[in-house]
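Asks: Quick one: this structure, given as structure tokens, is what I'll be asking you about.
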């Protein structure tokens, strides 16, 4: 079977790998000059099953109202005349109901556990050099809390995730420091934490490029610097993908893995996806020899930030800004990343200037991604809408999608598209 994969981010590249492993002839079309150059480029670097609680939860509305008008708010909705954002926001409110939140957590945890297992199997298959290529660390993920109410809610969420098979364990503040000693200076702020020893971290951009290299060597064709403009259709089937150059590339099936751009790409073809861009920020710091920096990947839930050690670099990433497809760096939000880092790690002592970045994470109102056959079209498949969990869910959603395309029953229990 000849399959076109649209997009060479971490999700598209993983899709190409697993489809090729299943015996398909795969071509990837990517507008950038290499794999992993957009949303996968400088994200938080976590394989974080423990971060499965969706943004849409019973406490989210009060948080959003509290943050309104604050330029450095962890979750920022910019008022704008945008019908897509309005529809997304109304659906988001519906997913804040307790029953919906529970079902969304169940779905995300199930896929994330499967995905992490597939990543670990991939690393065993490709050998130790593959993990080293993307600064893989298997030291778990530690969530820290500086607000007692948030910590109490986190204990409740951890119990729920344990019910779904995740080993997320609430711990005291002193235990947080025992796990990550660089937090010692922040001890007066900490009220508790939770720890998932089986989670991982690493550089998603380097992972994507390393996997693309392995896939290309195995026979996957990557066509970079190849913008696409649309699909060619006959009745209920895709017959090809139109390129900006005027060429049409044909295939037996097509996978849309265009992240936030999946929605505008498919809208002219009558498909309206509930995917909206959530702009996230990151700062990457080179560390000096005397830096006191974390080695265990951290999540600061109150500020919606993560801290991941990538070799001799520290990645600080997070927050969400709903402002359309705007990719301008906001200096206030960049400053907030560094300010929180200095608060938690006053002896960080980075070398040189921080490298700031922002990217558009493809968010659904439920935080559950869209994986499966697109409505109304027989041979068009979706792998998008992963939000902040793109790398966490990449291998699992790609492997499950390959099963679906080939008519096999996927392993994880997950609300795949009909």
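The values are calculated or read from the model by the stated rules, or taken from the named source; none is laboratory data. Just so it is clear, the structure is predicted and the values come from calculations on it, not from any experiment. No Cβ is skipped: glycine too gets one built from the backbone with ideal geometry, and neighbour counts run over all protein chains shown.
Asks: Restricting to segment 252-273, give me the number of residues that are over 17 Å from residue 239 (Cβ atoms) and outside any helix (DSSP H, G or I).
Replies: Adding up the residues that qualify gives 4.
Residue by residue, here is whether (1) within 30 Å of residue 222 (Cβ to Cβ); (2) surrounded by fewer than 20 Cβ atoms within 10 Å (Cβ to Cβ); (3) in contact with a helix residue (DSSP H, G or I) (Cβ under 6 Å, 6 or more places away or on another chain) holds:
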| residue | (1), (2), (3) |
| --- | --- |
| 15 | yes, no, yes |
| 19 | yes, no, yes |
| 25 | yes, yes, no |
| 77 | no, yes, no |
| 90 | no, yes, no |
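Asks: Then there is this: For residue 355, are the conditions met, namely being touching a strand residue (DSSP E or B) at 6+ places or on another chain (Cβ under 7 Å) and in contact (Cβ under 8 Å) with a residue 60 or more places away in the chain?
Replies: Taking the combined requirement at face value, the residue satisfies it.
Asks: Within segment 398-415, does at least one residue satisfy the condition of being modelled with pLDDT of 95 or more, at negative phi, surrounded by 24 or more Cβ atoms within 10 Å (Cβ to Cβ) and not in a helix (DSSP H, G or I)?
Replies: The answer is no, given that none of the residues of segment 398-415 is modelled with pLDDT of 95 or more, at negative phi, surrounded by 24 or more Cβ atoms within 10 Å (Cβ to Cβ) and not in a helix (DSSP H, G or I).
Asks: Okay, moving on. Before we move on, is residue 364 over 16 Å from residue 261 (Cβ atoms), touching a residue at least 40 places away in the same chain (Cβ under 8 Å) and touching a helix residue (DSSP H, G or I) at 6+ places or on another chain (Cβ under 9 Å)?
Replies: Against the criterion (over 16 Å from residue 261 (Cβ atoms), touching a residue at least 40 places away in the same chain (Cβ under 8 Å) and touching a helix residue (DSSP H, G or I) at 6+ places or on another chain (Cβ under 9 Å)), residue 364 does not qualify.
Asks: I would also like to ask the following. List the helices (runs of 4 or more DSSP H) that sit entirely inside segment 110-206 and contain at least 3 residues that are modelled with pLDDT under 95.
Replies: Helices (runs of 4 or more DSSP H) meeting the threshold: 148-163.
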